[in-house]
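Novice: Quick one: this structure, given as structure tokens, is what I'll be asking you about.
The values are calculated or read from the model by the stated rules, or taken from the named source; none is laboratory data. All figures in this text were calculated on a predicted structure; none of them were measured in a lab. Cβ coordinates were reconstructed from backbone atoms using ideal geometry, including for glycine residues, and neighbour counts include every protein chain displayed.
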Amino acid sequence: MTLTFEDIVNAAREKVRAPDPDTDTWKEGLEILLRDHEREGRLTERGWAIVKNRYVEALAARMQVDDYIRKNPAVVEAPIQRPVFILGLPRTGTTMLSYMLDADPANRSMLRWEAYNAAPPAAPGALKTDPRCLAEVAKDEAMLKMAPKVAAAHFEPGDGPTECVHLLAQDFRSLMLAVTTTVPTYHDWILFTDMESAFEHRKRVLQILQSTNSGRWVLKMPSDSLFIRQLFKTFPDAKVIWTHRDPYAAVGSSFGMRGGSRPMFEVDEGRDYMRQRFPLQLALHATRPLEVSRERPQDIFHCYYDDLVADPLGQLKKIYRWLGDEWTGAGEAGMRAWLQDNPQNKRGKHSYSLAEWGLSKKDLEPYFSDYLRAHPVASGVEA
């Protein structure tokens, strides 16, 4: 099976009946992805169908966003004020932290259903009752039955916080698109390409969403670590919470999670691709924010995974003091309720090891030596 650029564009046009995006920045990434898929020849028939749907959905969402702004230009005049971004290596507690912060009514997360349904935004007060939200939640049950192993590693309900990788994907500049299938040229390109257009699109989506349901944005995306300079360029008054965990454990867990989902798309897990490219990519999640943290120490809070797991509320209180935010009874009650409803390994234990992927700590030490000198979080135990 083959998939052409025109196939994606025509299907997106048919899906939303909206004009093409206002700019062409999305084209380069899509073209690279399609060339990689054709060259590598690893997608199964089901994989081709999933990839086509993903790309069509992303482009259609981009068309809707641009069309909505054409008709409602005032939405992009409202600033994004004091946003908080949670980043770090994958598998370092970013999800737990984002859900706890979302449990405070004073904060505003982007919910998973909103990522591809931003335009039009939900009616005021209808974030959890919008028909698009209810439809997404209904899909969760089928997914949990189909892929329980994936859910054990990572699961986001349709009405819960999600990552902004989905918004960047609407400009076809997203790490998400590089890790789920074998796309070597795209993977290397995304690490070094100019991310300005993708981040500007992300900002526009947030402006649309906040126009009907406001609140101080708290957003999670581990791969913001890779693009942290662009993050501060797009959101100058941003505050960053950087999560830290033993990088060898984080890498082992990340390989296990990513490898577990790849057979949904391809003939196998793509172990050679992962071993060749993911160590450097994951290391950059640590070294790039390390550089920026030395330049902007006042804008970055260091949250250590072991401390977060041992005393979640204690860590959140420290974060609130750092932000200068009020610690309220409503916020604490929401966080306590979330912790009670979401014990660790709720959906099954996610087992992983470096050895399973033909890696060892010795192989990875050069990638993380600078990071570990600044943040000595390695446990000394083989991950």
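Novice: Condition first: touching a residue at least 60 places away in the same chain (Cβ under 8 Å) and under 18 Å from Pro184 (Cα atoms). Now tell me which residues in segment 1-38 satisfy that.
Specialist: Let us first name the residues in segment 1-38 that are touching a residue at least 60 places away in the same chain (Cβ under 8 Å), namely 23, 25-30, 32-33, 35-37.
Correct list: Lys27, Glu28, Gly29, Leu30, Ile32, Leu33, Arg35, Asp36, His37.
Novice: Where in segment 1-97 are the helices (runs of 4 or more DSSP H), entirely inside, with at least 2 residues that are small (Gly, Ala, Ser), crowded, with 18+ Cβ neighbours inside 10 Å and under 23 Å from the mean Cα position of the chain (by Cα)? Let's see the steps before the verdict.
Specialist: Values: elements: 5-16, 25-40, 45-71.
Correct list: 45-71.
Novice: Here's a follow-up. Could you count how many residues in segment 232-252 are in a helix (DSSP H, G or I) and surrounded by 24 or more Cβ atoms within 10 Å (Cβ to Cβ)?
Specialist: If we filter segment 232-252 for residues that are in a helix (DSSP H, G or I), which is where we start, we get 232-234, 247-252.
Adding the requirement that they be surrounded by 24 or more Cβ atoms within 10 Å (Cβ to Cβ) leaves 247-248, 250-252.
Here the count works out to 5.
Novice: If you don't mind, another one. Quick one: Thr243 ticks every box in (1) modelled with pLDDT of 95 or more; (2) touching a His at 6+ places or on another chain (Cβ under 8 Å) except a single one, so which number is it?
Specialist: Against the list (1) modelled with pLDDT of 95 or more; (2) touching a His at 6+ places or on another chain (Cβ under 8 Å), Thr243 comes up short only on (2).
Novice: Another question about this same structure. If you take the residues in segment 169-218 that are surrounded by fewer than 19 Cβ atoms within 10 Å (Cβ to Cβ) and aliphatic (A, V, I, L, M), which one is nearest to Pro83 (Cα to Cα)?
Specialist: Here the answer is Met176.
Novice: For segment 155-211, how many residues meet the condition of being farther than 21 Å from Gly88 by Cα and acidic (Asp, Glu)? Outline the logic, then answer.
Specialist: Kept after step one, since they are farther than 21 Å from Gly88 by Cα, are these residues of segment 155-211: 157-159, 170-172, 181-186, 197, 200-201, 204-211.
Filter once more, keeping what is acidic (Asp, Glu): 159, 171, 200.
Number of matching residues: 3.
Novice: Please verify whether segment 97-107 includes one or more residues that are at positive phi and modelled with pLDDT of 95 or more.
Specialist: As a first pass, look at segment 97-107 and keep what is at positive phi: none.
The answer is no; no qualifying residue exists.
Novice: Looking at Ala333, Ala283, Ala337, which one is in a helix (DSSP H, G or I), free of Cβ contacts under 8 Å to residues at least 24 places away in the same chain and of a type in the set (A, V, I, L, M)? Even if it seems obvious, please write down each step before you answer.
Specialist: Details: Ala283 fails: free of Cβ contacts under 8 Å to residues at least 24 places away in the same chain; Ala337 fails: free of Cβ contacts under 8 Å to residues at least 24 places away in the same chain.
Being in a helix (DSSP H, G or I), free of Cβ contacts under 8 Å to residues at least 24 places away in the same chain and of a type in the set (A, V, I, L, M) holds for just one of Ala333, Ala283, Ala337, which is Ala333.
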